[in-house]
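Taking it in order: structure first as structure tokens, then the write-up.
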Amino acid sequence: MTSPDTAALAAIAPSAAIENRRDGVWITAADLDVEAMAREMTRLGFRLSTMTGLAHADGETALIYHFAAAGRTVHFKTFTRGATLPSIAPIVRAASWIEREIHDFFNVLFSGHPNLAPLLRPAELRAGFFRDAAEVPLQLTRSRTEPS
């Protein structure tokens, strides 16, 4: 990234940790103003590629917003506050379905979303069913196979 890009990104989240990695710029800010981020990234010519949700055992969800432009990627990581974050769908239309999916899987309320109706979740599954995995410690076992 050129210095004006880095300065513009730093202005989006002044208290954030900014890290240049092989896969792009990573910005982590617990207090990120996601609406201001979406407006500024759009102004800078970036498009929202996708979003990632990661359930935390405390009931909150880490959200990563992945943006791309001209072969460059920028990833913003933030956290829900009371399982809620403002929706960026009114600013970035591509976020609409992704936020609905994250709402289905992690029960994140995106305030201001125009339509948080279930997208993928069958009626018999409760909202946030991916949270179950965060509440149960992951145990990996490796089985040994004997040569025959």
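Residue by residue through the range 101-129, note down the ones that are modelled with pLDDT under 85 and either surrounded by 18 or more Cβ atoms within 10 Å (Cβ to Cβ) or of a type outside the set (Phe, Trp, Tyr) (or both). Write out each step before concluding.
In the first step, residues of the range 101-129 are kept if they are modelled with pLDDT under 85; the result is 118-129.
Across the range 101-129, the qualifying residues are 118, 119, 120, 121, 122, 123, 124, 125, 126, 127, 128.
Which one of these is within 16 Å of residue 103 (Cα to Cα), surrounded by fewer than 16 Cβ atoms within 10 Å (Cβ to Cβ), over 11 Å from the mean Cα position of the chain (by Cα) and without any contact (Cβ under 8 Å) to a residue 60 or more places away in the chain: 42, 84, 52? Can you show your working first?
Values: 42 fails: within 16 Å of residue 103 (Cα to Cα); 52 fails: over 11 Å from the mean Cα position of the chain (by Cα).
Step by step, each of 42, 84, 52 is checked, and only 84 is within 16 Å of residue 103 (Cα to Cα), surrounded by fewer than 16 Cβ atoms within 10 Å (Cβ to Cβ), over 11 Å from the mean Cα position of the chain (by Cα) and without any contact (Cβ under 8 Å) to a residue 60 or more places away in the chain.
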Item to check | Single residue of the range 58-79 satisfying the filter (in contact with a His (Cβ under 9 Å, 6 or more places away or on another chain) and touching a residue at least 24 places away in the same chain (Cβ under 8 Å)) that is farthest from residue 107 (Cα to Cα) | outcome: 73
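Does the range 101-111 hold any residues that are in a loop (DSSP other than H, G, I, E, B) and small (Gly, Ala, Ser), and which are they? Explain how you work it out, then say what you get.
The first filter runs over the range 101-111 and keeps only residues in a loop (DSSP other than H, G, I, E, B), leaving 107-108.
Within the range 101-111, no residue meets the criteria.
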Checklist entry - Taking the range 42-67 as the region of interest, how many residues are among the hydrophobic types (A, V, I, L, M, F, W, C) and farther than 15 Å from residue 78 by Cα? => result 4
Item to check | Near pairs, Cβ below 6 angstrom, 6+ apart or cross-chain, from the range 6-20 (touching a residue at least 12 places away in the same chain (Cβ under 8 Å)) to any residue that is surrounded by 16 or more Cβ atoms within 10 Å (Cβ to Cβ) and acidic (Asp, Glu) | outcome: 12/40
Item to check | Scan of the range 97-113 for residues that are closer than 12 Å to residue 87 by Cβ and either of a type in the set (D, E, K, R) or in contact with an Asp or Glu (Cβ under 6 Å, 6 or more places away or on another chain) (or both), ordered by number | outcome: 99, 100, 110, 113
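The values are calculated or read from the model by the stated rules, or taken from the named source; none is laboratory data. This structure is a prediction, so every number in the text was calculated from the model and none was measured. Note: ideal-geometry Cβ built from the backbone for every residue, glycine included; neighbour counts use all protein chains shown.
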